[in-house]
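A.B. asks: Just dropping this structure here.
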Amino acid sequence: QVIKYTLDPIWKTFTVPLVSLCDGDVEKLIKVMCYDYDSDGGHDFIGEFQTSVAKMCEAQDAFPLELECINPKKQKKKKNYKNSGIIIVKSCKITRDFSFLDYILGGCQLMFTVGIDFTASNGNPRDPSSLHYINPMGTNEYLSAIWAVGQIIQDYDSDKMFPALGFGAQLPPDWKVSHEFAINFNPTNPFCSGVEGIVQAYSACLPHIRFYGPTNFSPIINHVARFAAQATQQEAASQYFILLIITDGVISDMDETRHAVVQASKLPMSIIIVGVGNADFAAMEFLDGDSRVLRSHTGEEAVRDIVQFVPFRDFRNAPKETLAKAVLAELPQQVMQYFKHRNLPPINSEPA
């Protein structure tokens, strides 16, 4: 960091990996050199000193460490030369960064919820062109996506019990539209056992519901966010929630969804959207904040990017591993980022 127009610079705190600073050896000598900045790049050497991480770690706010900046040339020439200034280390700490695996092995449970889009834009399930076609062969675009993604995900969920919710359909007996219903029709226990359980519940519910609309994402995001918010009360890295939405990509409540995602970004939660069919997925790309920070309609920014969008059509004929990689690409980073931001170590972690 360059600080101009002062002889008493105060540098900002910065972070550097211990490995690149001193090969992880806190006793190893480090040379620190100080220059006077010139805009043409011909910076003038002021002085240098040697120290170690162990030495710098002695510095605390009440007891700063003072290190003399020496210019060897001036030292040789001038008899009464003392130094070219003093650099004061106010604080130096070693903190441990935990990896995704540290959290998983430390006892963090990943809680997956599956959300399935049953809106009319998917086509009538009795029509072969429908993404939900009730096929005598037993496959359709949604089933392929549930199988492919579910198999990847269930390895990370210890009890393999997944709440599976549907949205955008009219339900019997009164044919009211629901945007968060249990696909096994058991609202008090929406859990399905493994991918097989999700597939069975999905196939069983298809003939009994009417596809409708609109395609509202926010109720199901808020549904999972309520559980994620409860988990924050434990003040431990014990649970992280992942909502997997499988959809044909048309979205009706964009403002509410943006707001729901921005609020969810403060919680131990990520959203993976798998787009099926050949629709225009511009809305999904927009929610996936890879190119810019997602804002809610009120202008509030997401604290972190929690949405990963994957178009299933790109992976129809690809090996399972490539789909797995795309679906879970950002998840480890998102889990680590959340717990680091909250300053929560793994529940069972080895001391650094």
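The values are calculated or read from the model by the stated rules, or taken from the named source; none is laboratory data. No experiment lies behind these values; they were computed from the predicted model shown. In this analysis, Cβ positions are derived from the backbone assuming ideal geometry, glycine residues included, and neighbour counts consider all displayed protein chains. To get the accessible areas, we keep the full protein, side chains included, count just its heavy atoms, and leave off ligands, DNA and RNA. Shrake-Rupley method; radii C 1.70, N 1.55, O 1.52, S 1.80 Å.
A.B. asks: Those residues that are more than 21 Å from Asp117 (Cβ to Cβ), open to solvent by 80 Å² or more (accessible area, probe 1.4 Å), assigned to a helix (DSSP H, G or I) and without any contact (Cβ under 8 Å) to a residue 24 or more places away in the chain, I need them from segment 279-335; list them, please.
C.D. replies: Across segment 279-335, the qualifying residues are Glu321, Lys325.
A.B. asks: Here's something else I'd like to know. Considering each of Ala201, Ala148, Ala169, Ala225 in turn, give the residue that is on the phi < 0 side of the Ramachandran plot and at pLDDT below 95. Explain how you work it out, then say what you get.
C.D. replies: Numbers: Ala201 fails: at pLDDT below 95; Ala169 fails: at pLDDT below 95; Ala225 fails: at pLDDT below 95.
Being on the phi < 0 side of the Ramachandran plot and at pLDDT below 95 holds for just one of Ala201, Ala148, Ala169, Ala225, which is Ala148.
A.B. asks: Continuing with this model, one more query. Would you confirm, using the coordinates I've provided, whether Ser203 is small (Gly, Ala, Ser) and either part of a loop (DSSP other than H, G, I, E, B) or free of Cβ contacts under 8 Å to residues at least 24 places away in the same chain (or both)?
C.D. replies: Details: small (Gly, Ala, Ser): yes; either part of a loop (DSSP other than H, G, I, E, B) or free of Cβ contacts under 8 Å to residues at least 24 places away in the same chain (or both): no.
Answer is no for this residue.
A.B. asks: Mind checking which residues of segment 4-37 are outside the structural domain of Ile70 (by the TED database) and over 34 Å from the mean Cα position of the chain (by Cα)?
C.D. replies: Within segment 4-37, Lys4, Tyr5, Thr6, Leu7, Asp8, Pro9 meet the criteria.
A.B. asks: From Gly150, Gly123, grab the single residue that is open to solvent by less than 40 Å² (accessible area, probe 1.4 Å) and under 23 Å from Lys325 (Cα atoms). Spell out the reasoning first.
C.D. replies: Details: Gly123 fails: under 23 Å from Lys325 (Cα atoms).
Among Gly150, Gly123, only Gly150 is open to solvent by less than 40 Å² (accessible area, probe 1.4 Å) and under 23 Å from Lys325 (Cα atoms).
A.B. asks: Which of the residues spanning segment 124-137 are in contact (Cβ under 8 Å) with a residue 24 or more places away in the chain and more than 18 Å from Leu171 (Cβ to Cβ)?
C.D. replies: Of all residues in segment 124-137, those in contact (Cβ under 8 Å) with a residue 24 or more places away in the chain come to 124-125, 131-132, 134.
Within segment 124-137, just Leu131 meets the criteria.
A.B. asks: Does Lys31 count as modelled with pLDDT under 95 and of a type in the set (Lys, Arg)?
C.D. replies: Numbers: modelled with pLDDT under 95: no; of a type in the set (Lys, Arg): yes.
For Lys31, the condition - modelled with pLDDT under 95 and of a type in the set (Lys, Arg) - is not met.
A.B. asks: Based on this model, can you work out whether Glu235 counts as over 24 Å from Gly106 (Cβ atoms) and surrounded by fewer than 24 Cβ atoms within 10 Å (Cβ to Cβ)?
C.D. replies: Working: over 24 Å from Gly106 (Cβ atoms): no; surrounded by fewer than 24 Cβ atoms within 10 Å (Cβ to Cβ): yes.
It is false that Glu235 is over 24 Å from Gly106 (Cβ atoms) and surrounded by fewer than 24 Cβ atoms within 10 Å (Cβ to Cβ).
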